[in-house]
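Data block below; observations after.
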Amino acid sequence: MEDLVQNKNSNNKSFDFKKTINLYTKHWKWFLISCIVFLSLAYLKNRYTVPVYSATAKIMLSDDKGSGKELLNDLSVLSSSQDTQVEDEIQVIKSRESFKAIIKKLRLNVQYFKLGRLNDSELYKSSPIEVAFSEPDSIINNVNATLHLKITSQTEFEFSIGDQIEPKVYAFGESIATPFGDIKILANQSKIEKIVGSSIRIEIKSVEDLSKYLKSNISIFPSDRNASKVLDIYLEDRNVNKAIDIINELINQYNLSAERLNKNRALNTANFIHERVNNIAQDLISVEDSIVRFKASNKITDISSGSVNLSTSSISNEARLQELMTQLNMLNYVQKTLKNANMESLPSNLGDEGGLSALVLKYNELLERRSVLLKSAGENNSVVIEINQNLNSLKSNLLGTINSSIYTLNIQINSIQNQQSKINTKFSSIPRQESKLMSIERRQNIKEQLYLYLLQKREEAEISQTTSVPVSKTIDPAYSLGAIQTNGRIVYFGALFMGLMLPFMFIYVADLLDNKIHNKEDLENEISNISVLGEIPNVKGSEGKLIKFNDRSILSESFRIIRTNFEFLRRDKNVQKYKNVIFVTSTINGEGKSFVSLNAALTLANTGKKVLLIGADLRNPQIFSAISKDINEKRSKIGLSEYLSDYTIQLSDIINSHAINNVNIDMLLSGKIPPNPAELLMDERMKDLFDAVSETYDYVVVDTAPSMLVTDTLLMHEYAGHTIYVTRAGYTEKRILNFVNELHAKNKLNHMMLIINDVKESNFGYGARYGYYGTPEKKSFFKRKKKA
């Protein structure tokens, strides 16, 4: 069962578009008023707004030619970090110092305004008066003040500072004491007579504050992505001439600042180059001295030619050494041959050392002759023997000569080898000397090149100091674009939007924060398992809050609907006892239970039924206060509290009949407020009372105390056949309705039914918002006018 209730609640709380729209449409008057107010403000804005003018200029950034910056661009240390990007240049143009210089030159910190009925007009360069300060600019540039003048004649004026109430009269040229020093107001006699009787406001602003204002309002941006060096400068101001002057002066200040920077850069560059030239000249002298000392210590003039000579000598020695070695080998061979016992011929190409060739030739001839003789004669032949003796003698001579030649050749070979060793030693030292000399000469070449380069740059730096090239080229000087035309339609559309949005936001936030019920639908969404009898409309004023006989008012019709619904539901309830006793209660005070009790009783009495209204709220009785004006009777001195506390008082003594708005009804009022209301209500006489009245009357309506605040109603709930639980629109919070669900779930009150009181007509649910059948139709303002 609980799951079904939860599902129903979730369905009820789903988004209802029609309800959401109705939330706003019922407040259409606020939307209308808001739109009228905002559209009126839009009209005033379009009508009386002082026009704002725009001015612009176009410049192109140069490449810094002739600035001295390019003098050291070949040195990577100084080139890349000095390249200026366009965005950086924009920041340079918008520097605070540039704006300060503009303000001081154009005297923008002292502004003159002629006061009008609605708007004030600035007298830029056309003011008939001028302020002369006695204090230096260093003090005046930090002053923020407002001076008020009223020109009374061509010679006098009224003067006041700030909020000073009483102005003083001064003459033009007279010294005036101010918090920032003495000043004088000087007049241009040719112009002053035209503004006699006018009021002038002089605003003195701090240069610092004004520079921040200008910096934030001026716009500088590239004209085109493809032409990034072309910049547009844009400014809006109420005085077009002022805007033009500021832009032109900004361009001028940028060029002057860049010119000073370039001159300082060129001067610093020239000084740096001059210092480097002197240092490099000293280094160059030191390197040249190192070359001289190196050649002198190594006894060389030219390493290249010396190495060629050594190479030639080495080759010659090698050839000679090979030749000597060949001769030595041949001599060793001959020596070996001679020492052999065999008679063999000797080689003839042994050189001409010591007549060796002649001896070899003669030896070979004798061997040939001997060989010939041995063919025809024997070994013992005398000629052969003589030849043998001659050969032995020549052999001895040859051996002696060969030994002497071998000795000589060995001496020559050793000498050549010693020479070759020395040459080789010199060859091994040549690369080291040459490397060291090349290192020194390389340093010399570098120093010479750098020296010549810096000499050239020094001349260029000297020239650049005498030249001045602007860092920007003015393509279009500052000119006016005309007044900025405010689109009236956009203003009106914006006003209409704000006129609709403001009440919408208020209503949305109010609905978002709203935690109260407002109509029957809200109540049913919170409590779905208790029947709602109906809605009671909001009644304005104190009159008409009580139902009259045969009443056809909306209030009366609402209670008739409640009566009908009650009768319908009562038939379905199987109530054994006190079925005609109706308790009326609420959660907290102020929800209108006494109002509902009284009018419900009157409604039932209007049908001719016998009705008794009992005031059982002993703590805060309200019934008599509600009817006191209608019955013109004094309050009864005894009531329910006296009946319960004094057993001598009979029921007939406390029930009184009254005619309220021609409706007859019996009433049993609460009596005096007792100190122990809960205990009295627990008295056994309560049962006797309800037993009696339930038998005597057709309906018994009981006004009880709020159920959540006190226990009075719960103490006597057994006497109730039915309980009408009253809630109030715009008053009862949704969270306290959990208490109602708890009472119903635990059956603490018998046969509970709900009523929502004080519902605004715009919140009425279902058909009630369309009016009641038979009531006079409410005509709109236009219908009434049309009928008239």
Classified through the alpha carbon gyration tensor (a ≥ b ≥ c as square roots of its eigenvalues; rounded if a/c is under 1.5, else prolate when a/b is larger than b/c, else oblate), region 506-565 comes out oblate
Starting from the Kirkwood radius over alpha-carbon pairs of region 461-580, derive D by Stokes-Einstein at 4 °C in a medium of 1.567 mPa s and give it in µm² s⁻¹.
56
By its C-alpha gyration tensor, with a ≥ b ≥ c as the square roots of the eigenvalues, how is region 11-62 shaped: rounded for a/c under 1.5, else prolate for a/b larger than b/c, else oblate?
oblate
When the Kirkwood radius is taken over all Cα pairs of region 663-709, what Stokes-Einstein diffusion coefficient follows at 37 °C and 0.692 mPa s, in µm²/s?
259
Eigenvalues of the Cα gyration tensor times 5, then square-rooted: what semi-axes does that give for region 101-227, in whole angstrom, largest first?
31, 18, 13
Summing Lys, Arg as +1 and Asp, Glu as -1, what charge do residues with Cβ under 12 Å from the Cβ of residue 53 carry, residue 53 excluded?
-1
Filter on 215/242; 573/760; 18/540; 516/573 - keep pairs with C-alpha separation over 21 Å:
573/760; 18/540; 516/573
Ranked highest first by the average count of other Cβ atoms within 10 Å around their residues, in what order do 731-737, 477-483 fall?
731-737, 477-483
Considering only protein heavy atoms, what per residue accessible area in square angstrom results for region 570-683 with a 1.4 angstrom probe?
47
Counting other Cβ atoms within 10 Å, which GluC sites (Glu not before Pro) in region 555-654 have at most 16 and lie in a DSSP loop?
633
Beyond 21 Å, what percent of the Cα pairs of region 592-726 remain?
35
Heavy-atom accessible area of residue 560 with all protein chains present, probe 1.4 Å, nearest 10 Å²?
60
Which whole-Hz ³J(HN,Hα) couplings does region 180-195 yield from phi under the Karplus relation 6.51 cos²θ - 1.76 cosθ + 1.60, θ = phi - 60°, glycine and proline marked x?
10, x, 6, 10, 10, 9, 9, 10, 8, 4, 6, 10, 5, 5, 6, 10
Compactness index (Cα Rg / 2.2 N^0.38 Å), region 533-585
1.37
Reachable aspartates and glutamates, given that their alpha-carbon falls under 14 Å from the alpha-carbon of residue 125 and they are not under 8 places away in the same chain:
245
Count charges around residue 451 for me, please; just the other residues with Cβ under 10 Å from its Cβ, Lys/Arg as +1, Asp/Glu as -1.
0
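The values are calculated or read from the model by the stated rules, or taken from the named source; none is laboratory data. As the structure is a computational prediction, the values presented were derived from the model and not from experiment. With ideal geometry, Cβ positions are generated from the backbone for all residues, glycine too; neighbour counts draw on all protein chains shown. Ligands, DNA and RNA are excluded from the accessible area calculation, which covers all protein heavy atoms including side chains. Shrake-Rupley method; radii C 1.70, N 1.55, O 1.52, S 1.80 Å.
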